[in-house]
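> My structure is below; once you've seen it, I'll send some questions.
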Amino acid sequence: MFFGFAVNAFAAVNLNTATAEQLESLSGVGPAKAQKIVEYRKKNGNFKTVDELNNVPDFGNKTLQKPNSS
């Protein structure tokens, strides 16, 4: 399954394969949050839904709702 965020009209980030650097391209995701996403994925396996991001420490609905700044 592919679960990703659109970064702009030309690119998307797959939460299950993206590196921390690729995750940082998402609005509201900096180095610390990107690393937590990667660590969560390593510990728990691939994301089954985007809502599963709410289980990542310091990553919640507010981050998911931030508009893209691109």
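> List pairs: first in region 13-28 and more than 15 Å from Val56 (Cα to Cα) and buried (at least 17 other Cβ atoms within 10 Å of the Cβ), second basic (Lys, Arg) and modelled with pLDDT of 90 or more, Cβ under 8 Å, 6+ apart or cross-chain?
Cβ pairs passing all conditions: none.
> At pLDDT below 95 and touching a Lys or Arg at 6+ places or on another chain (Cβ under 8 Å), is that true of Pro57?
Against the criterion (at pLDDT below 95 and touching a Lys or Arg at 6+ places or on another chain (Cβ under 8 Å)), Pro57 qualifies.
> Follow-up question, since we're still on this one. How many residues, within region 13-51, are at pLDDT below 90 and in a helix (DSSP H, G or I)?
2
> Taking Ser69, is it assigned to a loop (DSSP other than H, G, I, E, B), surrounded by fewer than 12 Cβ atoms within 10 Å (Cβ to Cβ) and modelled with pLDDT under 90?
yes
The values are calculated or read from the model by the stated rules, or taken from the named source; none is laboratory data. On a predicted model such as this, the values are computed, not experimentally measured, just so you know. Positions of Cβ are backbone-derived with ideal geometry, glycine not excepted, and every protein chain shown enters the neighbour counts.
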